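Every number here is computed from the coordinates shown, using simple stated rules; none is lab data. In this text the structure is predicted, and so the values were computed from the model without any measurement. Here the Cβ positions follow ideal geometry from the backbone for every residue, glycine too, while neighbour counts run over all protein chains shown.
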Amino acid sequence: MPQPRVVLKNCDVIDPKRIDSYLETGGFKALAKARREMTPEQITGEIKASGLRGRGGAGFPCGIKWEGARTASGDAKYVICNADEGEVGTFKDRYILEKDPFTLIEGILIAGYAIGAKQGYIYLRVEYHYLLAHLAEPVGAVQDNLRNIHQRFHIVDNGRLSPEAGGGGEGRAVAGF
C-alpha cells in the first residue's frame, strides 16, 4: 500500500511561485488555526503528541526541539530551516524548496509563533545558490500578504546573507555569520 503524502502533498500540484495556487489547496489554514485557536504551549504539545521528527539523519523529535526553544531564556529567538542537506545522497530539502516553498514557509511561521521567534532563516548550501531567486518570490509574497504576522524571513547562501532576501541557518550554519 502506498504511503500517504503529508509533507509532499502539494509537490507537483501547486505552482511554487504563486501564493494563490497554495491558497487554493488550503494553504495557510494551519497557520490561521494555530494563531487564532491555539497557544504556543498547545502547538508544541500537539507537535510532541504527533511524533513528528526532523528529516535529518537523526530524526530528532520536533516537539522536544520546539519546547526547548520555547522555554529557553533570552529575548531573541529564531527559527532555522537548515537546507544544507548534509546527509549523503539525500535531496529531500531541495525537492521541497523547489516544489512547495509555501508549506515550508507556513511551517516556519507556525514554529516561530510556537517558540516566540520573530525571524525565520532558510540556510542554503552553496550548490543550491540557484534557489535564492526561486525562494525570494514566495518569501516576498508571504511577507506582502501576511503583514499582520510580524515575522520576517531571511535566506542565507552558504553562510552569507543573500542580497535578494536576507539570511539564516542552524547550529553550524549560523557559525557562518
The answer for Cys81, listing residues at least 5 apart or on another chain whose modeled amide H is closer than 5 Å to its amide H, is Tyr121, Ile122, Tyr123, Gly169
Put in order of increasing Cβ neighbours within 10 Å, starting from the fewest, Asp84, Asp75 give Asp75, Asp84
Under 5 Å from the placed amide H of Arg53, counting only residues 5+ away or on other chains, we find Cys62
Chymotrypsin sites (Phe, Trp or Tyr not before Pro) in region 88-130 lying in a DSSP loop, each with at most 16 other Cβ atoms within 10 Å of its Cβ, come to Phe91, Tyr130
With no solvent term and unit scatterers on the alpha-carbon positions of region 1-127, Debye gives log₁₀ I(q)/I(0) at q = 0.11, 0.14 Å⁻¹ of -0.41, -0.67
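Can you give the direction-averaged projected area of the convex hull of the alpha-carbon atoms in region 30-93, in nm²?
Over every viewing direction, the Cα hull of region 30-93 projects on average to 5.4 nm².
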The distance between the Cα centres of region 78-111 and region 35-50, in whole Å, is 21 Å
Whole-Hz Karplus couplings 3J(HN,Hα) for region 60-74, θ = phi - 60° and coefficients 6.51, -1.76, 1.60, Gly and Pro as x, run 5, x, 4, x, 5, 4, 5, 5, x, 5, 5, 8, 5, 6, x
